[in-house]
Amino acid sequence: MSKTLIIADLHLTSVEGEKLDLFCRFCQTEAVNADQLFILGDLFNTWIGDDISLVDYHVAIDCLKELTKSTAVFVMIGNRDFLLGKKFEQQSGCKLIKESHLLKHNDQDYVLVHGDSLCTDDIDYQKMKKVLRNCLVQSLFLSLPKKWRLKLSGEIRKKSIEAQSYKSEAIMDVNLDAVNELMAKHPGANLIHGHTHRQNTHLSKAYTRYVLGDWSTTSGNAITLGETLEWLKIH
């Protein structure tokens with residue numbers, strides 16, 4: 001029986017610490033025994049380009065490289081690490097995947113997304129995302145020196161935090177109409193996503209929506225697909 005693990009929203013930083021240790025232990029103990037691992041966005045808290053961030057995150061990259069000797073690892077970009085590129089794939093051994101990704105396991109289909117595309121009520125965020133994902137904007141940003149990239153990404157993050165302080169919880173959650181529209185394209189499938197950090201299982205008549213939570217310095221969470229779907233607590 002094949003085994004698949006699915007995680008999201010680790011938000012690893014370039015500073016070595018307890019969360020990075022937790023992730024590496026997860027790779028060495030749980031993930032190494034799986035056939036494949038899917039990381040549904042925001043593995044890294046900030047990614048300012050492969051040329052710089054591969055060095056900053058070398059410990060995590062080394063953990064992934066070792067893991068991919070036994071386990072296929074698929075990484076989906078999130079709203080924090082959307083600048084992951086080809087050099088990341090080459091050095092980590094991972095494969096970047098786009099959303100929506102359809103995963104078939106046994107007789108069940110699962111639609112995998114990061115989740116931010118479903119938060120359509122957050123109009124300001126969706127406008128900012130459209131600008132940041134523009135190819136010309138990204139090319140210009142990646143041409144800047146490291147200190148300028150760090151300053152710009154820090155300012156963007158600061159404004160994002162300020163904006164979140166006055167947004168309602170409902171606005172920052174997924175819009176059910178957007179979810180239903182997505183799932184209508186995949187009849188019979190279930191949905192797995194992250195981004196909102198609200199770990200839960202939502203049942204409906206047409207599908208089940210599994211929401212992955214974020215990781216702290218002491219614990220994380222994963223979905224395991226084996227004979228059945230199960231939640232896994234990571235310590």
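Overview of values
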| item | result |
| --- | --- |
| Exclusive hit being surrounded by fewer than 19 Cβ atoms within 10 Å (Cβ to Cβ) and modelled with pLDDT of 95 or more, set LEU203, LEU182, LEU191 | LEU203 |
| Which listed residue is touching a strand residue (DSSP E or B) at 6+ places or on another chain (Cβ under 9 Å) and either closer than 19 Å to LYS147 by Cα or without any contact (Cβ under 8 Å) to a residue 24 or more places away in the chain (or both), from PHE38, PHE44 | PHE44 |
| Which listed residue, of LEU103, LEU136, LEU142, LEU150, is under 18 Å from the mean Cα position of the chain (by Cα) and among the hydrophobic types (A, V, I, L, M, F, W, C) | LEU103 |
| The range 206-222, residues that are more than 19 Å from LEU5 (Cβ to Cβ) and surrounded by 16 or more Cβ atoms within 10 Å (Cβ to Cβ) | TYR207 |
| Hits in the range 85-125 (condition: surrounded by 14 or more Cβ atoms within 10 Å (Cβ to Cβ) and on the phi > 0 side of the Ramachandran plot) | GLY93, GLY115 |
| Any chance ALA178 is in contact (Cβ under 8 Å) with a residue 60 or more places away in the chain, small (Gly, Ala, Ser) and in contact with a Leu (Cβ under 6 Å, 6 or more places away or on another chain) | yes |
| Any strands (runs of 3 or more DSSP E) falling wholly within the range 1-112 and containing at least 3 residues that are of a type in the set (A, V, I, L, M, F, W, C) and over 21 Å from SER219 (Cβ atoms) | 72-76 |
| One residue from LYS159, LYS167 being surrounded by 10 or more Cβ atoms within 10 Å (Cβ to Cβ) and outside any helix (DSSP H, G or I) | LYS167 |
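The values are calculated or read from the model by the stated rules, or taken from the named source; none is laboratory data. In this text the structure is predicted, and so the values were computed from the model without any measurement. Every residue, glycine among them, receives a Cβ derived from its backbone with ideal geometry; neighbour counts consider all protein chains shown.
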